[in-house]
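Below is one structure, written out as structure tokens, with a few remarks after it.
Just so you know, all these numbers are worked out from the coordinates, no wet-lab data involved. Please read these numbers as outputs of a predicted model, since none were measured by experiment. Backbone-built Cβ (ideal geometry, glycine too); neighbour counts: all protein chains shown.
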Amino acid sequence: MQNDSDRFFVLTGGPGSGKTTLIEALRSAGLATSPEAGRGIIREQLAIGGPALPWRDPALFAELMLSWEMRSYHAAFEQNGPVFFDRGVPDTLGYIRLTGLPVPDHIRNAAERFRYASHVFIAPPWPEIFRQDSERKQTLDEAERTYHALAEVYTELGYELVPLPLAPVEARLRFIFAKAGLSLDVRSQKGRE
């Protein structure tokens, strides 16, 4: 498999830790981004009355999540420059472990095969901003356990975790730009490509 890991950056962590807001800020700054699978799948399944919801059929939900993340990974090759993912293929492995279901070999294989930049940005639990909604039904305790499960999976897979500061979006954005070696003037650079 071709590997563009030097330009594929993952933002991971438990739900309600500000990842999606940060992904939206990265997109507004002119960077290529990939949306989170979980929310998209939940939204689609609720719209059609489908069974692949984490509270109905976690194994089926994980399969759709894996498929979404693999498709997003392949689509990223069409983008120029860095691409920021709101979660990556290894998140599916973390989710399966968290549910207590047996981990299928194909999910473990995918987590090992689909590689991203060696440092992964991880958003720690942030109780002050955590909120539940119609798509995020996890409690803060579940969000914290998700964070730890994902930290364990990415570490086992050889990634270096880069914890995001508990700070406003602009400060987090500057932090990511510095750690990823990107210019703060991405929007003007993108126009010259």
Mind pulling the angle between the C-alpha long axis of helix 140-156 and the longest principal axis of the chain? Nearest 10 degrees, somewhere in 0 to 90.
70 degrees
Label assignment, log10 I(q)/I(0) by the Debye sum over Cα atoms at q = 0.12, 0.13, 0.15 Å⁻¹ derived from the structure, set [x] -0.56, -0.66, -0.89; [y] -0.73, -0.81, -0.96; [z] -0.49, -0.59, -0.81
[x]
Taking the chain as the reference, fit the longest principal axis to its C-alpha atoms, fit the long axis of helix 169-180 to the helix C-alpha atoms, and give the angle between the two in degrees, 0 to 90, nearest 10.
80 degrees
Suppose we look only past 24 Å in the calculated P(r) of the range 1-113. What percent of the Cα-Cα pairs does that tail hold?
25 percent
Give the angle, between 0 and 90 degrees and rounded to the nearest 10, that separates the Cα long axis of helix 37-48 from the longest principal axis of the Cα atoms of the chain.
50 degrees
In whole Hz, with x marking every Gly and Pro, tabulate ³J(HN,Hα) for the range 85-95 from phi via Karplus 6.51 cos²θ - 1.76 cosθ + 1.60, θ = phi - 60°.
9, 7, 5, x, 3, x, 4, 5, 4, x, 5
For the chain, with +1 on Lys and Arg beta carbons and -1 on Asp and Glu, the positive-most of A117, Y159, A62 along the dipole:
A117
Once you put a point 7 Å from the Cα of E112 and another 7 Å from the Cα of E44, both along the Cβ direction, what distance in nm separates them?
2.8 nm
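Could you give the length gained by full extension between H119 and E160, i.e. 0.36 nm per residue of separation minus their alpha carbon distance, to one decimal place?
Taking 0.36 nm per residue and subtracting the Cα distance, the gain is 14.3 nm.
Assign unit charges at the C-beta atoms only (+1 for Lys and Arg, -1 for Asp and Glu), then state the dipole size of the chain relative to its Cα centre in Debye, rounded to the nearest 20.
Roughly 360 debye, rounded to the nearest 20.
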